[in-house]
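What follows is a set of notes on a single structure, which appears directly below.
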Amino acid sequence: QVGCAQGCSFCETGRMGLLRNLDAVEIVAQVAVARFRLGLAVSNVVFMGMGEPLDNLEHLVRAIRVMSNFPGLGIKNITVSTVGLAPQVYSLLLALPRVRMAFSVHCADDATRSGLMPINRRVPLVELAAAMRHYLEHTKRRLTVQYVLLRGVNDSGEHASHLAAFLQTVGPAERFHVNLIPYNAQSRPRYQAPSPQEAAAFKTRLMAAGYFVKIRTTRGAEKMAACGQLGNVKLRRQLRLASEAEAEADKN
């Protein structure tokens with residue numbers, strides 16, 4: 001997608017809103033350029049970054065089928081990340097039962113999560129847990145959990161305990177891979193990242209509950225290209241002004 005309709009408060013892309021969906025050709029072309037023009041050995045594709053993949057389900061499925069079956073690409077390791085569009089999770093797994101999935105949880109109490117992620121008002125944690133459970137029941141793979149750490153918001157020991165308890169309702173600890181992502185500042189930062197010591201304490205609490213946990217290394221922040229930083233709010237304004245000018249010209 002160009003932009004995103006989900007509006008997560010800690011994400012730069014959410015500030016753009018959704019400008020449009022990409023079609024399957026545009027999605028596959030990114031991988032083809034990387035492989036054939038740039039000469040990169042692409043063996044793993046993750047649908048993560050700008051946009052919510054399950055909001056563009058039809059073209060997502062088409063693109064994955066081409067990537068995994070087209071001679072010259074043949075990519076088998078494909079992961080789709082979602083903020084938790086539970087109904088679409090079932091549809092995706094029905095169409096592509098072997099696809100890997102990553103779920104963005106970011107907080108394991110409904111009140112706080114709804115403030116961070118508007119999707120939680122439509123798909124609360126109990127429905128998210130059911131979709132995650134469905135994934136574990138229909139695959140033999142581990143489920144990846146994404147959790148952005150926001151200092152003073154969702155990074156306390158109590159929050160870690162809430163996350164562990166939530167995941168226990170989904171499945172056994174050995175079926176999960178938890179990625180902790182210290183907050184990367186937006187163009188107008190709303191939060192702060194925890195200190196390395198605070199992030200490590202959160203990780204330790206989860207590991208004590210039996211979970212495999214990694215703290216994501218931040219890369220690309222100096223170019224606003226790290227997780228949660230992809231976006232161009234000015235582009236939305238430019239497109240709106242261009243559309244208004246075109247409409248005015250049509251009147252004349």
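The values are calculated or read from the model by the stated rules, or taken from the named source; none is laboratory data. Everything numeric here is computed off the predicted structure, so don't read it as measured data. Because the Cβ atoms are built from the backbone with ideal geometry, glycine has one as well, and the counts that use them run over all protein chains shown. Ligands, DNA and RNA are excluded from the accessible area calculation, which covers all protein heavy atoms including side chains. Shrake-Rupley method; radii C 1.70, N 1.55, O 1.52, S 1.80 Å.
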Can you pull the percent of the chain's accessible area that's carbon plus sulfur, 1.4 Å probe, other chains left in place? 54 percent
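Kirkwood Rh, segment 55-113, all Cα pairs: how many Å?
12.8 Å
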Once amide H atoms are placed 1.01 Å from N in the peptide plane, what residues at a sequence separation of 5 or more from Met101, or on another chain, have their amide H within under 5 Å of its amide H? Val80, Thr144
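Provide the gained length on full extension for the span Asn69 to Ser161, in nm with one decimal, where the gain is 0.36 nm per separating residue minus the Cα-Cα distance. Numbers along the way, then the final one.
Details: separation 92, 0.36 × 92 = 33.12 nm, distance 4.19 nm.
Residue separation times 0.36 nm, minus the Cα-Cα distance, leaves 28.9 nm.
On average, how much accessible surface per residue is there in segment 117-204, in Å², for a 1.4 Å probe, leaving out ligands, DNA and RNA? Before the final figure, lay out the partial values.
Values: 4070 Å² over 88 residues.
Accessible area per residue, segment 117-204: 46 Å².
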FRET efficiency estimate (nearest 0.05) - Cβ-Cβ, Arg190 to Arg142, R0 35 angstrom: 0.65
Once you've got the GNM for the chain with C-alpha springs shorter than 10 Å, pick whichever of Ala160, Ala208, Ala200 has the biggest mean-square fluctuation. Ala208
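What do you get for GluC sites (Glu not before Pro) in segment 1-61 restricted to DSSP loop and a cutoff of at most 16 other Cβ within 10 Å of the site's Cβ? It would help to have the intermediate numbers written out before the result.
Working: sites: Glu12, Glu26, Glu58; in loops: none.
Within segment 1-61, no GluC sites (Glu not before Pro) qualify (loop, at most 16 other Cβ atoms within 10 Å).
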Projected label distance in nm at Leu94 and Ser43, using a 7 Å step from Cα toward the beta-carbon: 3.5 nm
State the number of lysine pairs found in the chain whose Cα atoms come within less than 28 Å, restricting to pairs 8 or more positions apart or on distinct chains. 9
